[in-house]
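The values are calculated or read from the model by the stated rules, or taken from the named source; none is laboratory data. Small disclaimer: the values here were computed from a predicted structure and weren't measured. Backbone-built Cβ (ideal geometry, glycine too); neighbour counts: all protein chains shown. Accessible surface is based on the protein model in full, side chains and every heavy atom, while ligands, DNA and RNA are left aside. Shrake-Rupley method; radii C 1.70, N 1.55, O 1.52, S 1.80 Å.
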Amino acid sequence: MPELIRVGRDEDRDTYHLNMGPQHPSTHGVLRLRLHLKGEVILSADPIVGYSHRAHEKMAENRNYIQFLPNTSRMDYLSGMIYNVGYCQAIEKIIGLEVPERAEYIRVICCELNRISSHLLWYGTLLMDLGGFTPFLYCFEDRERILDILDLVSGSRLTYCYGRFGGVTEDVDDKFLSETLAFCKHLRNRLPEYDDLVTNNVIFQNRCKGIGHIDKKTCHEFAVTGPCQRAAGEKRDVRRDEPYGIYDRFDFKVPTRTGGDCFDRFMVRVEEISESLSIVEQAISKLPVGPVMAPKVPRKIAPAKGEYYFAVESARGHFGMYIVSNGTEIPERMHFRTPSFSNLATMRRVLKGSTISDTVAILGSIDIVLPEIDR
Amino acid sequence: MEMISDVYRGFRSLLKGMGVTIRHFFRKPVTVEYPRERAVVSKVQRNAIVLIEKDDIGSHNCIACLQCEKICPSNCISITGSRKDGLAFKRPDTFDLNFALCSECGLCLDVCPTDTLGYSKQYDKAGYSREDFFYDLLDQWKATEETALGTLREIERKKKEEREARRKADAEAKAKAKENDDGDEKA
Ligand code: SF4
Ligand code: SF4
């Protein structure tokens with residue numbers, strides 16, 4: 001256990017401790033990094049989390065399964081739709097509830113849009129951390145369109161509570177579909193522009209290439225998932241490996257890279273944006289007609305006694321829900337395995353030996369969301 | 001030599017990037033000048049809940065069943081209701097919403113048996129104190145409450161009459177059937 005409060009210069013006057021955060025703009029929330037430095041080189045780094053702990057898991061033990069719905073999207077507020085829908089899918093699987101086809105397709109469309117919006121926000125903030133303000137504005141402009149589109153059906157812009165056990169709250173209309181298709185086209189035209197502005201930019205490449213290596217071994221040891229793992233060369237994606245919902249019906253690639261550095265993680269996410277776009281387009285072209293809510297949803301949700309685990313692929317990786325039921329309407333225990341937590345844990349190893357300015361790029365590239373780590 | 005090509009590549013990528021930003025100069029602005037222009041909000045935009053009008057009553061149709069109060073995860077609804085003369089169901093006396101706590105989850109709308117809850121259309125409420133977000137949902141219906149009660153009583157009376165009439169008709173039909181049976185037996 002490191003001492004927590006020691007900051008400033010050490011006795012030998014050669015090394016010193018520095019707190020980065022918790023209120024640091026580039027830590028994407030309230031993360032505190034306690035750095036032990038020699039000059040600008042990091043000797044050791046301790047990520048200290050827990051500043052936005054809201055006890056979501058404890059809250060789950062004091063309310064029934066339905067009442068927990070609004071909590072889900074507040075864990076990871078950037079991919080709230082995926083969490084919300086994932087939780088619904090978990091409970092549906094546990095109690096054996098059939099979801100109408102149309103609702104399944106709508107869920108996929110909304111989740112993938114949400115994934116794109118999350119990646120766009122990450123894109124913008126990473127670039128802002130590296131000192132480029134313009135791409136941030138462009139990404140937010142595009143992201144804004146997604147938020148507006150999701151607002152059309154879910155009624156919220158960020159913390160969605162759109163999924164229900166057995167379906168979704170609202171049916172999509174023609175306006176939603178046409179705007180989504182228009183957006184897909186727009187973003188496809190936009191991506192080459194981003195490449196011109198950012199990806200091919202020499203300064204950007206020099207800042208990202210060759211730093212923050214997370215290799216396969218580290219991935220295994222720390223249970224790193226999501227784009228960080230794929231950038232290290234592991235072809236893992238819950239949507240592909242254990243398809244939930246109707247993901248087995250779509251044709252999409254799982255982008256991978258081999259280097260595992262910041263630039264590879266960047267490229268994986270950029271490719272994921274276009275894969276998600278293609279999933280959205282496929283889903284819209286196949287969208288069946290019908291109801292969006294199961295006809296018979298039990299009023300009382302009381303899963304049989306036992307332990308359950310269900311996982312979905314969030315924008316940041318493997319999001320798992322571990323639910324212990326004691327046969328009543330109130331869960332005995334709910335635990336969430338959130339991807340950023342494991343991804344951040346690698347920082348102790350990865351940051352060693354790098355410099356402060358690289359820290360900003362590395363932290364940005366693993367795409368952490370602090371409320372999801374602290375829950 | 002390598003350095004020169006590096007510089008060349010760097011310059012080219014920079015100019016390319018600048019080309020993108022310059023093109024953006026001539027695009028239409030994407031922002032909305034808020035107080036002067038107002039954004040078009042979605043039809044299903046979630047907001048503070050309100051009691052919505054039911055056409056046949058001319059007022060809300062809350063029966064103070066407290067279902068919404070029970071399901072609300074944030075405990076932000078509190079209702080008291082009482083039985084009014086000539087009505088089959090209760091009617092709320094107070095209906096308070098603490099909007100500061102509301103998470104806009106929409107669960108209360110789902111459980112309402114009379115579908116009388118909806119979302120308000122006003123999306124830009126602001127306030128200086130917590131009390132500014134304590135809403136009395138019955139406020140907007142106070143003026144018409146008496147007439148609504150009258151209508152409800154009328155509806156209730158009609159329903160009762162219908163029920164009576166149906167019972168009478170049933171009884172008559174039964175009696176007739178019996179007579180027929182009797183007749184059949186005799187013949
Ligand atoms: S929307 Fe949700 S939080 Fe708000 S009053 Fe209804 S049930 Fe409560
Ligand atoms: S659920 Fe509907 S009818 Fe029942 S108390 Fe609430 S608003 Fe009134």
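A few notes on this one:
- Looking only at region B:62-95, and only at residues there that are hydroxyl-bearing (Ser, Thr, Tyr) and within 16 Å of ligand 1 (Cβ to nearest atom), the one that is farthest from the other protein chains (Cβ to nearest Cβ): B:Thr94
- Residue within region A:327-335 that is farther than 18 Å from A:Cys208 by Cα and hydrophobic (A, V, I, L, M, F, W, C) present: yes
- Any hit, region A:60-83, residues being touching a His at 6+ places or on another chain (Cβ under 8 Å) and hydrophobic (A, V, I, L, M, F, W, C): yes
- Which numbered condition A:Gly132 fails, given (1) in a helix (DSSP H, G or I); (2) closer than 24 Å to A:Val268 by Cβ: (1)
- The residue of region B:52-61 that is nearest to the other protein chains (Cβ to nearest Cβ), among those that are within 15 Å of the chain's Cα centre (by Cα) and more than 8 Å from ligand 2 (Cβ to nearest atom), is B:Ile52.
- Subset of region A:319-329 that is at pLDDT 90 or above and open to solvent by 10 Å² or more (accessible area, probe 1.4 Å) - its residue that is nearest to the chain's Cα centre (by Cα): A:Tyr322
- Residue within region A:253-268 that is over 18 Å from the mean Cα position of the chain (by Cα), crowded, with 20+ Cβ neighbours inside 10 Å and charged (D, E, K, R) present: yes
- Filtered residues of region A:37-51 (kept if farther than 17 Å from A:Ala345 by Cα and in a loop (DSSP other than H, G, I, E, B)): A:Gly39, A:Glu40
- Among the residues making up region B:96-107, none is farther than 23 Å from A:His56 by Cα and either assigned to a helix (DSSP H, G or I) or of a type in the set (Phe, Trp, Tyr) (or both).
- When B:Leu107 is tested against (1) within 14 Å of chain A (Cβ to nearest Cβ); (2) touching a residue at least 40 places away in the same chain (Cβ under 8 Å), only condition (2) is not met.
- Scanning region A:127-148 for residues that are in contact with a Phe, Trp or Tyr (Cβ under 6 Å, 6 or more places away or on another chain) and at the interface with chain B (Cβ under 10 Å from one of its Cβ atoms) gives a single hit, A:Arg145.
- For region B:85-100, the count of residues that are modelled with pLDDT of 85 or more and of a type in the set (A, V, I, L, M) is at least one.
- Residue match in region A:67-84 (condition: free of Cβ contacts under 8 Å to residues at least 24 places away in the same chain, within 14 Å of chain B (Cβ to nearest Cβ), open to solvent by 10 Å² or more (accessible area, probe 1.4 Å) and outside any helix (DSSP H, G or I)): yes
- Lone unmet requirement of (1) open to solvent by 20 Å² or more (accessible area, probe 1.4 Å); (2) more than 26 Å from the chain's Cα centre (by Cα) for A:Ser274: (2)
- Here region B:20-51 is the region considered, the condition is being at the interface with chain A (Cβ under 7 Å from one of its Cβ atoms) and out of contact with any strand residue (DSSP E or B) (no Cβ under 8 Å at 6 or more places or on another chain), and the residue that is surrounded by the most Cβ atoms within 10 Å (Cβ to Cβ) is B:Ser42.
- Residues being within 14 Å of chain A (Cβ to nearest Cβ) and open to solvent by 40 Å² or more (accessible area, probe 1.4 Å) are represented in region B:96-103 by at least one member.
- Boolean, A:Asp173 is within 14 Å of another protein chain (Cβ to nearest Cβ) and at pLDDT 85 or above: yes
- Filtered by the rule that a residue be surrounded by fewer than 18 Cβ atoms within 10 Å (Cβ to Cβ), assigned to a strand (DSSP E or B) and within 12 Å of ligand 2 (Cβ to nearest atom), region B:62-95 gives B:Ser78, B:Thr80, B:Gly81, B:Lys90, B:Asp93, B:Thr94.
- One residue alone among A:Asp129, A:Asp173 is touching a Leu at 6+ places or on another chain (Cβ under 9 Å), under 22 Å from B:Lys43 (Cβ atoms) and open to solvent by 10 Å² or more (accessible area, probe 1.4 Å), and that residue is A:Asp173.
- Within region B:107-138, being open to solvent by 50 Å² or more (accessible area, probe 1.4 Å) and within 11 Å of ligand 1 (Cβ to nearest atom) holds for one residue alone: B:Asp110.
- Considering region B:46-61, and only residues there that are more than 16 Å from ligand 1 (Cβ to nearest atom) and in a strand (DSSP E or B), the residue that is nearest to B:Thr116 (Cα to Cα) turns out to be B:Lys54.
- Flag for B:Thr21 being farther than 30 Å from A:Val168 by Cα, at pLDDT 80 or above and within 16 Å of ligand 1 (Cβ to nearest atom): no
- Candidate set from region A:220-233 (those that are free of Cβ contacts under 8 Å to residues at least 60 places away in the same chain and crowded, with 18+ Cβ neighbours inside 10 Å); member that is farthest from the chain's Cα centre (by Cα): A:Ala232
- Output for region B:128-160, where each listed residue is assigned to a helix (DSSP H, G or I) and aromatic (Phe, Trp, Tyr): B:Phe133, B:Trp141
- Of all residues in region B:96-117 being of a type in the set (A, V, I, L, M) and near ligand 2 (Cβ under 8 Å from one of its atoms), the one that is farthest from the chain's Cα centre (by Cα): B:Val111
- All positions within region B:110-130 that are away from every other protein chain (no Cβ under 13 Å), closer than 23 Å to A:Glu170 by Cβ and among the hydroxyl-bearing types (Ser, Thr, Tyr): B:Thr114, B:Thr116
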